[in-house]
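One structure is given below, encoded as structure tokens.
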Amino acid sequence: MTNVATVTVENGIGILSIDSPPVNALGIAVRRGIDEGFKQLAADNAVKAIVLICGGRTFFAGADITEFGKPPQSPGLHDVCKLIEDSAKPVVAAIHGTALGGGLELALNCHYRVAAPSAKVGLPEVALGLLPGAGGTQRLPRLVGVERALDLITSGRQMNAKDALETGVLDALTEEGQLRRDAIAFTQQVVVDNKPLKRVRDRDEKVAAYRGNTQVFADFRKSNARAFRGYKAPENIIKCIEAAVELPFDAGMKRERELFLELVTSTESAAQRYAFFAERETAKIPDVPADTPTLPIKSVGVIGAGTMGGGIAMNFLNAGIPVTLVEVRQEALDRGLSVIRRNYESTAKKGRITQADVEKRMGLLTPALDLAALKDADLIIEAVFESMPIKKEIFAKLDGIAKPGALLASNTSYLNIDEIASATTRPEHVLGLHFFSPANVMRLLEVVRGEKTDRSVIATGMKLAKTIGKVPVLSRVCHGFIANRLMNPRGREANALVLRGPTPQQIDTAIYNYGFAMGPFQMGDLVGLDVIGRDSTERTVRGDLVALGRLGQKQGGGFYDYDENRNATPSPVAAQVIADFARDHQIQQIGVLSEEEIVARLLYPVVNEGAKILEEGIALRGSDVDVAAMMGYNWPVYTGGPMFWADTVGLDKIVAKLRAFEAEGGEAFAPAPLLVKLAAEGKRLSQVGAK
Ligand code: T1G
């Protein structure tokens with residue numbers, strides 16, 4: 001018996017228990033354990049029924065994602081599923097933790113499913129650019145119906161046990177903490193009842209009801225077109241569910257296989273599987289071991305109740321951590337508090353939290369007008385105006401107020417953490433915690449390590465990120481740290497290119513079609529042209545537009561004109577401003593460019609900046625740079641991020657293009673030495689720093 005499986009028999013009930021940390025992923029050892037253990041119980045005449053249960057933190061959390069792209073090993077997941085589904089003895093899945101992907105699919109091959117009330121189930125394969133490839137697209141609709149299956153599988157959303165029971169995925173809930181006992185009792189009752197075994201595959205009524213109904217799929221495609229834009233997996237999932245409705249089960253399974261293979265061999269899925277692991281790799285810091293002691297963070301102080309300070313505070317309130325929010329003026333403090341409450345109220349209106357949650361979270365928030373109120377805080381985060389003198393003044397005051405051992409963090413988006421730390425006598429407790437706006441939404445948290453920041457402070461920052469649902473990326477000190485510095489060239493090159501002939505709309509369309517939510521000029525109009533780059537002294541097109549009262553969507557239009565519904569149209573006024581600016585600066589025109597050429601001119605410099613960030617040691621690894629871009633700037637995940645994408649484009653091609661741009665546009669395009677080296681050696685940017 002492989003060491004992951006344990007087989008026992010209790011009063012005629014066979015119990016097959018699998019324990020394969022960390023999440024009982026259905027890798028080859030687990031599949032062999034199920035195969036061998038199940039065959040043993042099936043052959044045992046004393047066994048009347050079988051319980052399939054897992055040890056550790058969760059029921060099977062899916063196929064082993066590390067196995068994709070490698071030669072398949074027998075038994076495959078389909079073989080294990082078939083063994084169970086064809087069983088002459090009743091099989092009951094006993095679920096705790098998160099039964100996900102192949103784990104839930106395995107459970108759907110059992111005759112019954114029981115779960116702990118805290119369990120969750122789901123088919124999240126779409127997040128990996130995949131679809132449930134072990135029958136989930138054929139069996140789940142037969143239990144929950146077509147609409148719910150469409151929603152669950154294309155969203156990858158997890159269902160709690162109560163909903164799973166109500167929708168028919170589960171047959172019973174057990175007492176919390178008594179899963180094994182209650183699953184055995186349930187199975188004993190199944191034996192006593194001696195009901196005919198019903199397989200999920202044989203339940204046809206919920207899919208038969210939709211036979212010939214193409215409208216439900218057309219409507220679903222239409223209402224989700226925006227969300228699914230650029231992704232392959234959702235469309236293939238919809239096709240699988242159409243097959244579940246229109247085809248006999250086995251034909252549907254065949255169709256699912258075809259559509260799964262299309263995805264698992266795609267670059268998009270490879271990128272999304274890479275992103276899955278990249279996101280989990282960021283917290284691993286070579287010189288800060290996983291067992292580095294961390295400091296307890298039971299109370300937080302936030303200085304500044306503006307947009308960032310308020311959003312930052314919400315992260316901790318959401319995690320049940322009390323926050324003292326400090327402002328200098330009462331009206332700013334009151335405004336900050338009302339914005340926080342309004343945010344919670346609107347979330348409650350959408351049903352995502354209850355009114356009680358709103359009150360509980362607001363109850364954890366203490367307003368204050370004096371820094372002295374932070375004297376007992378375990379962590380203090382400064383989120384005031386981006387001015388070094390102001391920040392140093394605040395940190396000098398905190399040095400005299402904060403208790404010994406308190407973490408002192410700045411949310412600065414580009415200022416030097418070491419200089420800020422120098423204003424205190426405790427630089428080892430100073431770090432950057434750089435949130436991305438909206439701070440209570442964006443998942444990226446840059447943890448900025450100063451020269452003197454203590455390892456336990458860094459470990460605490462990385463752990464805290466997970467506590468508040470963020471993905472931490474460690475950064476050394478440089479102007480803009482990782483994400484902002486990385487993405488700066490995209491805006492810089494857009495502003496340069498628009499002066500050479502390509503219009504704002506052509507540039508925005510190219511970037512939108514690449515996969516960003518919007519292009520740089522639409523973004524500028526949305527944020528406000530008077531806001532972005534307001535502290536630049538030199539003349540810019542943006543400045544010329546603002547001088548004409550064109551502040552963007554909010555006033556007078558910007559790069560675009562807007563109707564009363566804020567629908568954008570190209571602006572002849574903006575075109576003239578751009579032409580005048582180009583003329584005044586004798587800028588050589590380049591004519592019309594293809595979308596691919598525009599993308600290269602805006603995003604290859606981003607790749608180049610990522611290479612510089614890596615060669616300077618600002619980021620630990622290429623995948624960290626990708627996580628920062630995806631989580632901080634919504635870089636489309638199905639490309640894997642700038643580093644992974646560059647690898648798929650070909651580093652040698654990018655180096656050649658950068659050299660051509662350099663010859664034409666100057667040293668800003670000069671390829672980074674690391675990029676040139678990796679291209680020459682045929683290595684990959686995304687693998688820099690990988691273990
Ligand atoms: N395969 C391999 N490793 C996995 C894994 C998986 N499915 N899930 C998690 N891990 C590792 C993870 O990399 C980390 O490793 C550790 O486990 C803890 O994970 C055929 C095709 C289960 C909700 O997509 O959603 O089934 O960093 O940090 O926050 O139809 O892990 O410790 O070395 O995320 O408590 C479908 C993916 C697969 C579920 C737990 N299943 N996993 O969250 O811990 S495809 C999934 C998760 C499939 C079939 C299809 C989460 C979790 P390390 P963690 P967590």
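Descriptive notes on the structure:
- Value of relative contact order over the range 5-264, rounded to a whole percent, pairs C-alpha under 8 Å and six or more apart: 18
- Report note on the peptides 537-543, 472-478: ranked by the mean count of other C-beta atoms within 10 Å, highest first, their order is 472-478, 537-543.
- Note on the range 300-478: dipole from Cβ charges, positive end direction compared against Ala313, Leu398, Leu415; the farthest Cα belongs to Ala313.
- Peptides 596-603, 21-28 ordered by average Cβ neighbours within 10 Å, highest first: 596-603, 21-28
- Lysines whose Cα lies under 27 Å from that of Lys206, excluding same-chain neighbours fewer than 8 positions away: Lys82, Lys89, Lys120, Lys162, Lys195, Lys198, Lys222, Lys232, Lys239, Lys254
- In this simple spin-label model, placing a label point 7 Å from the Cα along the Cα-to-Cβ direction at both Glu176 and Ala88 gives a separation of 4.2 nm.
- A protection proxy built from the mean count of other Cβ atoms within 10 Å ranks the segments 185-197, 571-583, most packed first, as 571-583, 185-197.
- Label separation (Arg684 vs Arg57): 2.6 nm, computed from points 7 Å beyond Cα along the C-beta direction.
- Extending 7 Å from Cα along the Cβ direction at Lys39 and again at Asn213 yields two label points whose distance is 4.3 nm.
- Two-site FRET efficiency, Asp563 against Gln588, from Cβ-Cβ distance with R₀ of 30 Å, rounded to 0.05: 0.30
- The range 459-513 versus the range 669-691: alpha-carbon centroid distance in Å: 20
- Label-zone membership for the range 36-65, site Asn160, 7 angstrom Cα→C-beta point, backbone N under 20 Å: 58-59
- Gained length - Glu10 relative to Ala356, 0.36 nm times residue gap less alpha-carbon distance: 120.0 nm
- Residues of the range 365-402 with amide N under 17 Å of a point placed 7 Å along Cα→Cβ from Thr537: 388
- Taking all protein chains together, Glu393, Glu382, Glu327 sort by accessible area into Glu393, Glu327, Glu382, largest first [probe 1.4 Å].
- Charging the Cβ of each Asp and Glu at -1 and of each Lys and Arg at +1, and nothing else, the dipole of the chain about its Cα centre rounds to 900 debye.
- The alpha carbon centroids of the range 264-337 and the range 623-663 are separated by 26 Å.
- Per residue, the range 503-584 exposes an accessible area of 51 Å² to a 1.4 Å probe, with every protein chain left in place.
- Start at zero, step by 5 Å, and the Cα-Cα distances of the range 5-264 spread as 1, 6, 14, 19, 20, 17, 12, 7, 3, 1, 0, 0 percent across the bins.
The values are calculated or read from the model by the stated rules, or taken from the named source; none is laboratory data. These numbers come from a predicted model, not from an experiment. Glycine also receives a Cβ, built like all others from the backbone with ideal geometry; neighbour counts cover every protein chain displayed. Heads up: the accessible areas ignore ligands, DNA and RNA and are worked out on the full protein's heavy atoms, side chains in. Shrake-Rupley method; radii C 1.70, N 1.55, O 1.52, S 1.80 Å.
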